[in-house]
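Okay, structure first, notes after.
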Amino acid sequence: MVAEHTGLPASGSEEDASVVRVLSYNIRSMRDDRAALARVIRACAADLVLIQEAPRFFRWRKAAERLARAAGLYYVTGGATTAGPMILATLRAHPERTDDVLLPRTPGLHQRGFATAVVRVGRARLGVLSCHLSLADQERYEQAGLLLEHVAALDVPHAVVGGDLNDRPEGRSFRRVAGALTDCWAAKPWGGEFTSTPHEPRQRIDALFTTGGVEVLGCGVPLGLPGVHEADLRAASDHLPVLAALRVPAAD
């Protein structure tokens with residue numbers, strides 16, 4: 001499904017709020033076309049980039065830093081320290097604090113974690129969490145609950161969550177998150193809906209969510225966005241990215 005494409009508001013600050021662009025992207029450990037990946041991320045012009053499946057092994061920090069430089073960003077937190085989730089940002093975002101979280105692990109399944117931060121972007125103060133939930137249904141459902149607990153523990157009025165949920169909107173883990181947070185695509189669809197797979201997208205398993213008080217100005221796969229080319233989307237990863245523009249009230 002593709003929503004009406006009328007453009008997405010640019011980042012900026014107003015007297016009582018800031019418009020913040022946020023991108024969530026599973027990059028498959030950068031095993032695909034890295035140049036195409038950097039072009040897609042740069043063209044999305046997001047203030048915050050919430051990565052899943054960041055490099056986790058040999059010289060992972062250098063790989064993350066190379067991606068950040070190529071995309072015009074800097075490294076904030078996460079990566080191997082969270083078993084994959086990572087946060088990158090533009091110089092417009094100023095981190096106040098970060099916390100890398102490893103989740104309880106089920107024997108025989110992959111380790112999972114959250115990359116979290118509290119940042120100031122323009123006049124806004126925003127909690128940020130990047131996640132990649134389990135492939136196993138019961139563990140995924142428990143992780144969805146932990147996600148909500150960690151968002152609350154950020155102790156900020158406004159927050160954004162992005163990630164690969166490994167679940168569709170009708171699934172119980174997706175519904176658990178969407179029951180407490182705002183599903184940005186459902187609130188203001190823009191661009192494309194489905195994120196998997198790039199060659200034949202049929203399902204929405206990647207999403208962005210916000211806490212109350214954040215206005216969603218548009219959210220979806222950035223199909224047709226200037227600088228984002230279909231060939232790059234297919235070459236960059238086995239997921240499509242999700243981009244949102246959010247109007248976040250100014251911090252007190």
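A compact table of results
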| quantity | calculated |
| --- | --- |
| Coil-residue chymotrypsin sites (Phe, Trp or Tyr not before Pro) of the range 17-120, DSSP, other Cβ within 10 Å capped at 13 | Phe57, Phe58 |
| Å² per residue, accessible surface of the chain at 1.4 Å | 42 |
| Rg/Rh (Cα only; Kirkwood hydrodynamic radius) as it applies to the range 133-227 | 0.98 |
| Across the chain: Cys residues that no other cysteine approaches within a C-beta distance under 4.7 Å | Cys44, Cys131 |
| Mean separation of Cα contacts under 8 Å (6+ apart) over length of the range 139-252, as relative contact order % | 27 |
| Probe 1.4 Å - accessible area at Lys62, Å² to nearest ten | 110 |
| Length released on extending from Arg97 to Glu170, taking residue separation times 0.36 nm less the Cα-Cα span | 22.9 nm |
| Largest-first ellipsoid semi-axes for the range 31-111, taking √(5λ) over the Cα gyration tensor eigenvalues, angstrom | 23, 16, 10 |
| The range 67-112 - Rg (one decimal) and Dmax (whole number), Cα, Å | 13.2, 41 |
| Sites Ala186 and Leu146 - FRET efficiency at Förster radius 25 Å, r taken between beta-carbons, to 0.05 | 0.65 |
| Förster radius 22 Å - calculated FRET efficiency between Arg31 and Ala231 (Cβ-Cβ, nearest 0.05) | 0.80 |
| Highest to lowest packing among 237-246, 77-86, 173-182, scored as the average C-beta count within 10 Å | 237-246, 77-86, 173-182 |
| Estimated inter-spin distance, Ala153 and Arg66, nm [label 7 Å along Cα→Cβ] | 3.4 |
| Three principal axis lengths of the range 42-179 [C-alpha, angstrom, descending] | 39, 38, 26 |
| Helix-only [θ]222 nm of the chain, DSSP H runs n ≥ 4, -39500 (n - 2.57) each, per residue, nearest 500 | -7000 deg cm²/dmol |
| Accessible-area composition of the range 137-226, carbon plus sulfur, in percent [1.4 Å probe] | 49 |
| Alpha-carbon centroid distance for the pair the range 202-252 / the range 36-103, whole angstrom | 16 |
| Neighbour cut-off at most 16 other Cβ (10 Å), DSSP loop, GluC sites (Glu not before Pro), the range 1-98 | Glu4, Glu14, Glu15 |
| Mean separation of Cα contacts under 8 Å, 6 or more apart, over the residue count of the range 1-112: relative contact order % | 20 |
| Relative contact order (%) - criterion: Cα under 8 Å, at least six apart; region: the chain | 25 |
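The values are calculated or read from the model by the stated rules, or taken from the named source; none is laboratory data. Keep in mind the model is a prediction, meaning the values are calculated, not measured. Please note: Cβ atoms are built from the backbone with ideal geometry, for glycine as well, and neighbour counts cover all protein chains shown. Ligands, DNA and RNA are stripped out before the accessible areas are found, and what is left, the full protein with its side chains, is counted by its heavy atoms. Shrake-Rupley method; radii C 1.70, N 1.55, O 1.52, S 1.80 Å.
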